[in-house]
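One structure below.
Bear in mind that the values in this text are calculations on the coordinates, not laboratory data. Please read these numbers as outputs of a predicted model, since none were measured by experiment. Quick reminder, even Gly has a Cβ in these numbers, built from the backbone with ideal geometry, and neighbours come from all protein chains shown.
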Amino acid sequence: DAMVIQNPRYQVTQFGKPVTLSCSQTLNHNVMYWYQQKSSQAPKLLFHYYDKDFNNEADTPDNFQSRRPNTSFCFLDIRSPGLGDAAMYLCATSRDVILAKNIQYFGAGTRLSVL
Amino acid sequence: DAKTTQPTSMDCAEGRAANLPCNHSTISGNEYVYWYRQIHSQGPQYIIHGLKNNETNEMASLIITEDRKSSTLILPHATLRDTAVYYCIVRAYSGTYKYIFGTGTRLKVLA
């Protein structure tokens with residue numbers, strides 16, 4: 001049974017048209033992460049929520065925003081997608097972020113295409 | 001920053017053991033090493049983690065050198081379904097703790 005669920009699996013949007021990707025979890029984990037993965041590259045962390053606390057990576061563009069309305073759900077909003085934002089977007093969760101043993105559980109990802 | 005170094009690609013014959021090395025010479029004393037794999041167009045899948053001792057689970061074994069500067073993931077009997085990119089990961093602290101992904105090893109299991 002999927003524990004980290006991302007919808008949709010494939011998303012097509014137009015250049016400049018806002019798009020929202022969603023992630024839900026059944027693990028009741030405190031931390032939720034969003035990664036961007038471009039073709040043939042490793043995942044790159046965009047930001048994460050520790051409970052309600054938002055932690056942005058220094059090099060994440062302002063075009064990317066996130067919301068976490070409750071423990072189970074987290075959204076990635078791309079305000080004005082550019083062609084360079086076409087990528088796989090991965091959501092992950094973990095119980096904690098401080099503990100040395102910190103296993104992250106990933107969803108299947110949403111592949112975003114920008115036309 | 002702690003980081004990992006892995007070979008770009010490896011081939012392994014089906015049924016044979018696949019040994020995937022990773023160098024993490026700057027790992028901090030209390031940080032774990034994590035291994036994940038990513039099959040094409042899917043999210044990374046957790047395999048195993050370790051601190052100092054060797055570890056084994058139903059998927060793989062993890063051998064960590066005594067100085068903790070390197071480790072080897074062992075798939076004892078590789079199958080075609082094990083073809084994937086394997087990531088060796090350590091954490092780093094930069095305002096908060098986060099996974100540092102290396103470039104990964106693309107393992108191809110050959111029939």
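For each pair in B:K3/B:K108; A:K52/B:K98; A:K101/B:K108, compute the distance between the two Cα atoms and list the pairs where it is over 19 Å.
Those over the limit are B:K3/B:K108; A:K101/B:K108.
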Q. How big is the charge dipole of chain B about its Cα centre, in debye rounded to the nearest 20, if each Lys and Arg gets +1 on its Cβ and each Asp and Glu gets -1 on its Cβ?
A. 220
Q) What is the dipole size for the stretch A:56-109, taken about its Cα centre, with +1 at each Lys and Arg Cβ and -1 at each Asp and Glu Cβ, in debye to the nearest 20? A) 280
Q: Take B:N53, project a point 7 Å from its Cα along the Cβ direction, then tell me which residues of the stretch B:27-45 have their backbone nitrogen under 19 Å from it.
A: B:29-35
Q.
Please flag any cysteine in chain B that has no other cysteine's Cβ under 4.7 angstrom from its own Cβ.
A. B:C12
(Q) Let me check against my output: what whole-number percent is the relative contact order of chain B, with C-alpha pairs under 8 Å and at least 6 apart? (A) 37
Q) Over all Cα pairs of the protein assembly as shown, how is the pair count split among 10 Å bins, expressed in % and running from 0 up to the last occupied bin? A) 8, 32, 35, 20, 5, 0
Q. What net charge do the residues around A:D62 carry, taking every other residue with its C-beta under 14 Å from that of A:D62, with Lys and Arg at +1 and Asp and Glu at -1?
A. -3
Q. Could you name the aspartates and glutamates in cross-link range of B:K69, using Cα to Cα under 20 Å and dropping any fewer than eight places away on the same chain?
A. B:D1, B:E31, B:E55
Q.
So if I place +1 on the C-beta of Lys and Arg and -1 on the C-beta of Asp and Glu, and nothing else carries charge, what would the dipole magnitude of the protein assembly as shown be about its Cα centre? I want it in debye, nearest 20.
A. 300
**Q.** GNM flexibility winner over chain B from B:T83, B:T26, B:T72 (Cα, springs under 10 Å)
**A.** B:T26
